[in-house]
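Contents: one structure, followed by commentary.
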Amino acid sequence: MVTEIERPIDVMLADSNPLVLSAMSEIFERDPRFSLVATSGTAEGFLGMVMRIPVDVGVIDWNLPVLGGARLIEVLREQETAPRLVVYGDDAKDLPRLAMSAGAAGFAARSGEVDALMDTCAEVAAGKMVFPFIDVRELQADPMQTLSRKERVMLEALSKGLTNRELSRELGISTNTVKFHLSNLYEKLSVKNRAQAIAFFYSSKIPGKEE
């Protein structure tokens with residue numbers, strides 16, 4: 001009987017700090033569970049590579065230039081071949097919660113042990129969600145946490161009383177796209193119209209709302 005050998009987990013790394021990127025590269029190359037495919041110091045570089053070479057897991061810095069981690073995750077959420085993403089960052093300022101809200105599959109703290117990062121990546125590759133600092137049940141109970149970054153921006157703009165045409169100009173998207181996002185927004189908040197959405201906005205404290 002021939003024993004099937006599990007293939008290594010293909011990983012791509014992106015970090016704005018070259019020293020951190022170099023150290024992570026060495027760690028992943030030494031671990032037989034992983035196969036390091038490529039590295040990048042920018043969100044754009046990571047995006048370009050991962051679109052050409054699909055991998056299982058991507059480990060990204062939240063503060064990647066120029067797009068940033070949140071925007072990078074948002075873009076990749078629309079891609080069928082996108083990797084499952086692990087944010088490697090500081091565990092302060094509610095970052096784990098923001099990473100999960102953006103669509104990341106896991107979070108590992110820079111202040112933690114290296115083994116924690118590796119184990120997080122392995123679990124994420126196996127289909128798990130790994131957020132050690134978050135009560136996931138509490139997060140899932142808050143409709144605001146189901147909104148994408150773009151939907152949050154739209155809800156805030158909507159609260160100013162803007163029409164669809166004004167939202168289109170404000171956000172730089174077509175009116176049809178505005179209607180699409182509003183429809184998703186209403187469904188996620190369980191409201192029927194813009195008046196109810198605005199009322200929900202003012203009655204809710206939005207965690208992680210950007211200034």
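Where a number appears in this text, it was derived from the coordinates with a stated rule and is not lab data. Predicted model only: the values in this text are computed from it and were never measured. All Cβ positions, glycine included, derive from the backbone under ideal geometry; neighbour counts span all protein chains shown.
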(message) Can you pull out the GluC sites (Glu not before Pro) in region 65-128 whose DSSP state is coil and whose Cβ has at most 15 other Cβ atoms within 10 Å?
(response) Glu78, Glu80, Glu113
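Can you classify region 10-58 as rounded, prolate or oblate using the Cα gyration tensor, where a ≥ b ≥ c are the square roots of its eigenvalues, rounded means a/c under 1.5, and otherwise it's prolate if a/b beats b/c and oblate if not? Present the calculation step by step, with values, prior to reporting the outcome.
Numbers: a/c = 3.04, a/b = 1.13, b/c = 2.70.
It is oblate, given that a/c is not under 1.5 and a/b is not larger than b/c.
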(request) List, in order, the whole-Hz ³J(HN,Hα) value for each residue of region 54-64 obtained from phi through the Karplus relation with A = 6.51, B = -1.76, C = 1.60 and θ = phi - 60°; use x for Gly and Pro. (result) x, 10, 7, 9, x, 10, 10, 7, 5, 9, 5
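Tell me what the chain gives for mean residue ellipticity at 222 nm when only DSSP H runs of n ≥ 4 count, each as -39,500 (n - 2.57), the sum divided by the residue total, rounded to 500 deg cm²/dmol. Don't jump to the answer; show the numbers that get you there.
Details: 10 runs with 99 residues, N = 211.
The helix-only estimate for the chain comes to -13500 deg cm²/dmol at 222 nm.
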(message) Can you list residues from other chains, or at least 5 along the same chain, whose modelled amide H is less than 5 Å from the amide H of Phe34?
(response) Ile9
(request) Just name one of Ala102, Val11, Cys121: the one whose Cα is farthest towards the positive end of the charge dipole of the chain (beta-carbon charges, Lys/Arg +1, Asp/Glu -1). (result) Ala102
(request) Amide H neighbours of Gly68 under 5 Å, at least 5 residues apart or on other chains, H built in the peptide plane: list them. (result) Ala43
(request) Could you tell me which of rounded, prolate or oblate describes region 1-133, using a ≥ b ≥ c as the square roots of the eigenvalues of the alpha-carbon gyration tensor, with rounded for a/c under 1.5 and, failing that, prolate when a/b is larger than b/c and oblate otherwise? (result) rounded
(request) Could you run the Karplus curve 6.51 cos²θ - 1.76 cosθ + 1.60 with θ = phi - 60° over region 120-126 and give me ³J(HN,Hα) per residue in whole Hz, x for Gly and Pro? (result) 4, 5, 5, 5, 5, 4, 7
(message) As a quick test, which of the pairs Lys128/Lys179; Lys150/Lys192; Lys128/Lys160 have an alpha carbon distance above 29 angstrom in this structure?
(response) Lys128/Lys179; Lys128/Lys160
